[in-house]
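What follows draws every value from the coordinates through simple rules; no lab data is involved. Values in this document were obtained by computation on a predicted structure and should not be read as measured data. All Cβ positions, glycine included, derive from the backbone under ideal geometry; neighbour counts span all protein chains shown.
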Amino acid sequence: MAVPYILKRSRKRRKTISLQISNKSEVVVSAPYFTPGSEINRFIQEKQIWINKSIQKQKTAQLQIKKNEYVSGEEFYYLGEPYPLEIFFQQDLPAGLVFWSNRFYLNCKEGSAKGEYYFFKWYKAKAQEYFSKRLNFLSYHLQLLPGKIRITSAQQRWGSCSEENNIAFTFRLMMAPPTVIDYVIIHELMHIKGKNHSANFWKLVEVVMPEYKTHRRWLKDNGHKFGLSRV
Ligand SMILES: [Zn+2]
């Protein structure tokens, strides 16, 4: 059966065709510019089982994503620890979210749809700052030079490294413990040396972080807790 897919042809890509499932469960194929259609179709057919499995897995995970309510007492994760939220409403103070003394303070009406927006903004700003610092530090020590850094809202992909070595991380990682974040950064940095997940790639990760499997497992087991409703 033919699978509908989105095709991205790239002049920069040399040999490999790669496959991704988007947040909306679309099949996205990236291929070198002149790859014949027949070859792309064959590639998709070969990956059919993987595609079905991945889409199924994604749908299950999306169902499990916790729906936040943005009410006082609800806990939100930051760097692996849960912190309670306190909502107050004071019109003369700027609306928005503040993290202070192990507590989140949100100035907006309780249960208002704005809660989600303010948390999203807060996590994203934290992620910008945290990832650029940590990536600088780790890339310097590993002597690897990444391209640009970008923060995404991806629900399934923790990070990615493009053909041009531009690195992206989802803001949701700000809810994970620092060691897990380091694992994702190291993982993406190692893609500068190799774009696939070959045995050799994992060896490179293991040299830098011998316990990486624990962190990978942690993301698999806990990832579904990190959905901020539907941002
Ligand atoms: Zn990878």
Counting only residues that are within 15 Å of the ligand (Cβ to nearest atom) and under 17 Å from the mean Cα position of the chain (by Cα), give me the helices (runs of 4 or more DSSP H) lying completely in region 149-231 with at least 2 of them.
178-190, 212-222
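With the condition kept exactly as written, say whether any residue in region 84-95 is acidic (Asp, Glu) and more than 19 Å from residue 69 (Cα to Cα). Reasoning before the result, please.
So in region 84-95, the residues acidic (Asp, Glu) come out as 86, 92.
Within this subset, residues satisfying the condition of being more than 19 Å from residue 69 (Cα to Cα) are 92.
The answer is yes, given that some residue of region 84-95 is acidic (Asp, Glu) and more than 19 Å from residue 69 (Cα to Cα).
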Return yes when residue 215 is in contact with a Cys (Cβ under 9 Å, 6 or more places away or on another chain) and farther than 18 Å from residue 82 by Cα and no when it is not.
no
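For a quick check of your reading: which strands (runs of 3 or more DSSP E) sit entirely within region 1-112 and have at least 1 residues that are under 30 Å from residue 164 (Cβ atoms) and touching a residue at least 40 places away in the same chain (Cβ under 8 Å)?
The qualifying strands (runs of 3 or more DSSP E) are 5-10, 18-21.
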